[in-house]
Each structure stands twice: as C-alpha cells, then as structure tokens.
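Below is one structure, written out as structure tokens; comments come after it.
Bear in mind these aren't lab numbers, they're just calculated from the coordinates by the rules spelled out. None of the values given here were measured: they were computed from a predicted structure. Positions of Cβ are backbone-derived with ideal geometry, glycine not excepted, and every protein chain shown enters the neighbour counts.
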C-alpha cells in the first residue's frame with residue numbers, strides 16, 4: 001500500500017499582531033513562528049496507521065522554503081518513511097498552481113500511490129481545495145471532509161464523510177484515490193523534539209519547485225491583503241428586568257432572529 005501525504009508548513013498567525021507590507025500585497029512573516037498545518041497532522045497519523053495495517057511505504061511531501069523540511073521531519077518522526085520537499089521562496093497561493101506542481105512531481109518522479117491524503121484545509125489560506133483540484137488533474141476519485149476510513153480491500157476504500165447538521169455519508173471509491181482528512185478522525189501521536197531532530201538522518205529528497213512548473217499557471221490574482229475592521233463593542237441594556245427583556249427582544253427582532 002503506497003500512501004502519500006501532502007503536508008504544509010504554515011505560520012501561526014492566530015495570536016500574532018500582523019503587519020501588511022508591499023503596499024498591501026503580502027504579510028510580514030519574518031518574526032512569526034511556523035508549525036505543521038493542524039489538519040495535516042491528522043492525515044499523517046491516518047497514513048501511518050494504514051501503512052502499519054496494510055504494509056507498504058508512506059510518503060510526506062511538502063512545498064515551501066527550506067524551513068518546510070521540518071514538516072517532512074515531523075512526518076517521518078510520526079512514522080512515514082520517505083520525504084520530498086519542493087523548495088521555493090515564492091508564495092504560491094493559488095490552489096490550482098500548487099496542485100499542478102504536485103501532479104508534475106508525482107508523474108515525473110514516478111511516485112505511485114494507492115491513496116493520497118491531504119488535510120481538509122490549510123490554516124493560512126483556508127482554500128480547502130488543493131486535494132480536489134489534484135484529484136481532477138490526476139483523474140482519480142476524490143472525497144472531502146473524511147472523518148473515518150472504515151475499510152480498504154479489493155482495490156476499494158470505504159469512507160465516512162462529515163456533512164452539515166451532524167449527518168454522516170458513507171461512500172465507497174476505487175483506488176487510487178485522493179482523500180482530504182478532517183480533524184477528529186484520529187488522535188495524532190506525540191512527537192518529541194528529539195524525534196524530529198533524529199528524523200533528519202532519514203532519506204529525504206530536496207527538489208526545486210521551478211522544475212515542476214510546466215502547465216502550472218495560476219488562475220487567481222491577489223489584489224490586496226487587508227486586516228478586517230474591528231467589530232462593534234458590546235451593548236449594555238439597562239433598566240429593570242422587564243425593560244431588559246423587552247430590549248433584548250427588540251434587538252433579536254431587528255436582527256431577524258426572533259419574530
């Protein structure tokens with residue numbers, strides 16, 4: 001069973017005070033810490049479990065600067081065997097472009113897979129589309145929002161997909177296939193700093209993303225990056241109990257929540 005995981009090294013911007021630079025075209029990430037994309041840790045854990053049960057080789061592939069090698073080392077420390085880094089200093093935000101580069105890598109380097117896993121989305125751009133685009137380019141089945149893998153046998157995979165309203169959808173697809181993994185599908189194993197450092201001794205390939213750009217023309221154009229305006233402050237409703245209740249009901253009616 002050959003399993004490939006696409007993992008992204010992303011900035012942890014949630015608690016950082018961000019600064020927009022280049023006349024509104026990018027964000028200054030010089031002092032912002034990076035980490036493995038959360039969704040991808042679940043995909044890696046699932047890949048490790050699949051390879052352990054069915055045998056084969058697990059790959060972790062990332063794209064970015066040389067710092068993204070940490071994503072490979074974390075994936076290997078978790079239990080995958082091979083790593084490939086497509087090095088680029090360019091901020092490739094277009095999911096179609098990224099998917100085309102991954103497609104070219106897989107085909108030119110002859111990396112065969114039965115199952116290719118991605119995280120459900122990336123924390124930085126939240127496009128949630130690279131996996132689906134890649135499946136389309138490779139002309140293989142695709143499933144998103146996967147919260148459970150029930151069975152892999154006979155050249156097929158049975159999955160559980162998470163839908164709106166708490167519903168679940170069970171689907172069966174032929175292999176090879178691309179699957180986007182949702183958080184909560186498993187409990188990713190803990191990886192120590194020592195484990196990540198030791199993984200540097202394992203085999204990894206460092207390639208230039210520029211060598212796999214054939215046909216990878218972006219379809220999106222970044223116009224401007226803006227920080228959302230601050231939200232309005234809380235409204236304090238005074239008066240007695242009846243007045244407060246009446247005030248709350250009036251607000252709910254204005255917002256269309258209560259009729």
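If we sort 75-81, 172-178 on the protection proxy, mean other Cβ atoms within 10 Å, highest first, what's the order?
75-81, 172-178
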Cα-only radius of gyration and Dmax that characterise the stretch 68-114, units Å: 12.1, 30
Degrees separating the helix 241-254 axis from the principal Cα axis of the chain, which is the longest one: 50
C-alpha long axis of helix 38-54 to longest principal axis of the chain, angle in °: 40
Relative contact order (percent, whole number), the stretch 21-143, Cα cutoff 8 Å, 6+ residue spacing: 25
Cα-based Rg and Dmax for the chain, where Dmax is the largest Cα-Cα distance (Å): 21.9, 74
Packing-based exposure ordering (other Cβ within 10 Å, fewest first) of 118, 194, 183: 194, 183, 118
Relative intensity, log₁₀ I(q)/I(0), of the stretch 30-87 from a Debye sum that treats every alpha carbon as a point, q = 0.19, 0.27 Å⁻¹: -0.65, -1.12
GNM flexibility winner over the chain from 223, 61, 181 (Cα, springs under 10 Å): 223
Helix-only CD estimate at 222 nm, as mean residue ellipticity for the chain, using -39500 (n - 2.57) per DSSP H run (n ≥ 4): -8500 deg cm²/dmol
Two-site label geometry, residue 17 and residue 30: point separation in nm, points 7 Å out along Cα→Cβ: 1.6
Residue order, fewest to most beta carbons within 10 Å, for 164, 169: 164, 169
Considering only the chain, percent of DSSP beta bridges that pair antiparallel, nearest 5: 40
Compactness index (Cα Rg / 2.2 N^0.38 Å), the stretch 164-259: 2.15
Estimated inter-spin distance, residue 221 and residue 190, nm [label 7 Å along Cα→Cβ]: 5.1
Equivalent ellipsoid, the stretch 6-51 (semi-axes from 5 times Cα gyration tensor eigenvalues, Å): 30, 10, 7
